[in-house]
Amino acid sequence: MNQTRWTVLGAGSLGCLWGGYLNMAGMPVTLIHRHSVPAPDNLTLTPFQGNAEIPFQAELTTAKECPTESISQLIVATKAPDALDAVRGIAHALTPDAAILVLQNGMGAQQAIAEAFNDYAIIAACITDGAYRTSPGHVVHAGKGVSRIGALNEKGLQAEAAVLAQLQKMDLATEHCPDIYQALWNKLAINIAINGLTALDQCLNGELRVPARLARVKKLCQETEQVMRALQLSLPEEGLFYLAQSVIEGTAHNRSSMLQDTQKGKSTEIEYINGYLLDQAHTLGIDTPENQAVYDAVIARFH
Ligand code: PAF
């Protein structure tokens, strides 16, 4: 049987990680890289806790070069701020029944794609794996997680079982999530508590364990809880602050994704993390001064 091709939009660490594992599981892969960036020569992946650099195959192309109706399974692996425009850039290449899997961090980018491309099956993944590249074509699977997969629209609901069946052939853990909105919020709540502060203080996650910084983590968590409660989302029994502290403990040596972005001179995903909370809070009439302070400071310093 011919395997359906996966097209991965974004050839950064996440795109190479998913593209690599899909191809290593026998599926054909196209990797769309930016026009302005040269295509990597060799593609290799170091699996979790492995040493080997395993080669994988992917057809490398740019959005403009994608033929009409050539993409029936798309993975959007760009940073959140680039996601919607990137999908718009390949819209001509989508087949009418295409499934679009969105891997973005935070919240807002996935919803914008679901709104603009509601005629297609939109499915979100809530990711906890970590990966980084040591060269443009070599990705290291650094942290093992489980990606939770769930539909964002009606067509996504119809397509998700078939999509998941293919994803589960990969050596990258995925599972079905019946309430992806809640799962994305749970992850968002942790990112709200950790990412902005680590970027502002240029510190490791574990360095948030000093009283002055923990007091800010606590306020961020309290504000997030208020908003989540108003949206009738569930909260962890022990409270978000407790959960945030255990993530800080468990990832003490990590540089958060936002800290990494600032250290690479890139803009951040703050709009899709604390910024998303501010939007929701504003609509609900909830005051979130600590989130506003973190958001304003990150924008002023890094954007
Ligand atoms: O964004 C990140 O870096 C991660 O989600 C987390 C949990 C904050 C750990 O570094």
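The values are calculated or read from the model by the stated rules, or taken from the named source; none is laboratory data. Owing to the predicted nature of the structure, the values given are computational and were not obtained by experimental measurement. For neighbour counting, all protein chains shown are included, and Cβ atoms are generated from backbone atoms with ideal geometry for every residue, glycine included.
When residues in segment 109-128 are screened for being under 30 Å from Glu53 (Cα atoms) and surrounded by fewer than 19 Cβ atoms within 10 Å (Cβ to Cβ), 1 of them pass.
The listed residues are Ser147, Ser135, and the only one of them that is buried (at least 17 other Cβ atoms within 10 Å of the Cβ) and hydroxyl-bearing (Ser, Thr, Tyr) turns out to be Ser147. Hey, any hits in segment 44-55 for a residue that's in contact (Cβ under 8 Å) with a residue 40 or more places away in the chain and either under 21 Å from Arg88 (Cβ atoms) or among the aliphatic types (A, V, I, L, M) (or both)? Yes. Only a single item in (1) touching a residue at least 60 places away in the same chain (Cβ under 8 Å); (2) in a helix (DSSP H, G or I) is not met by His141, and it is number (2). Note on segment 264-290: residues that are hydroxyl-bearing (Ser, Thr, Tyr), part of a helix (DSSP H, G or I) and away from the ligand (no atom under 16 Å from the Cβ) amount to 1. Quick check: is even one residue across segment 109-121 closer than 19 Å to Asn23 by Cα and not assigned by TED's automatic domain parsing to the domain that holds Ile192? There is no residue in segment 109-121 that is closer than 19 Å to Asn23 by Cα and not assigned by TED's automatic domain parsing to the domain that holds Ile192.
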